[in-house]
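Engineer: Okay, here's the structure, questions in a sec.
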Amino acid sequence: MFVIDFIGHEFKKTLKDKTLVPDVWVSHGAHVSDTQLLKNPVTGGWRLVLHVRWTPGSRRDRAQNQKPAIEFRLFSRTRPWP
């Protein structure tokens, strides 16, 4: 699980009257099983929670004691508020 907070004055200004839309890409051998985008009442920003899972059978090529790395890219897009 990964948790990413988006905060800041410029970020809030950019999102005024818009909806934040996460666009997530993960490396081969993994997939995003769930995403949650929540308004964070403490910071006034947004919190993105990503649940990343390994694709079954993707660990075969790796050494038993080696922890596999996951590469992911996150783009935040906006669209007009409904």
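The values are calculated or read from the model by the stated rules, or taken from the named source; none is laboratory data. Predicted, not measured: the structure shown is a model, and the values here were computed from it. Cβ coordinates were reconstructed from backbone atoms using ideal geometry, including for glycine residues, and neighbour counts include every protein chain displayed.
Engineer: Can you tell me which residue within the range 63-76, out of those that are surrounded by 11 or more Cβ atoms within 10 Å (Cβ to Cβ) and in a strand (DSSP E or B), is modelled with the lowest pLDDT? Steps first, please.
Structural biologist: Taking the range 63-76 and keeping what is surrounded by 11 or more Cβ atoms within 10 Å (Cβ to Cβ), we get 68, 70, 72, 74, 76.
Remaining after also requiring in a strand (DSSP E or B): 72, 74, 76.
Working: Phe72: 76, Leu74: 75, Ser76: 70.
Result: Ser76.
Engineer: A further question on this structure: Select, from Arg79, Arg60, the only residue that is exposed (fewer than 12 other Cβ atoms within 10 Å of the Cβ), modelled with pLDDT under 75 and assigned to a strand (DSSP E or B).
Structural biologist: Working: Arg60 fails: assigned to a strand (DSSP E or B).
Answer to the selection: Arg79.
Engineer: Right, another one. In the range 1-44, how many residues are in a strand (DSSP E or B), modelled with pLDDT of 85 or more and polar (S, T, N, Q)?
Structural biologist: 3
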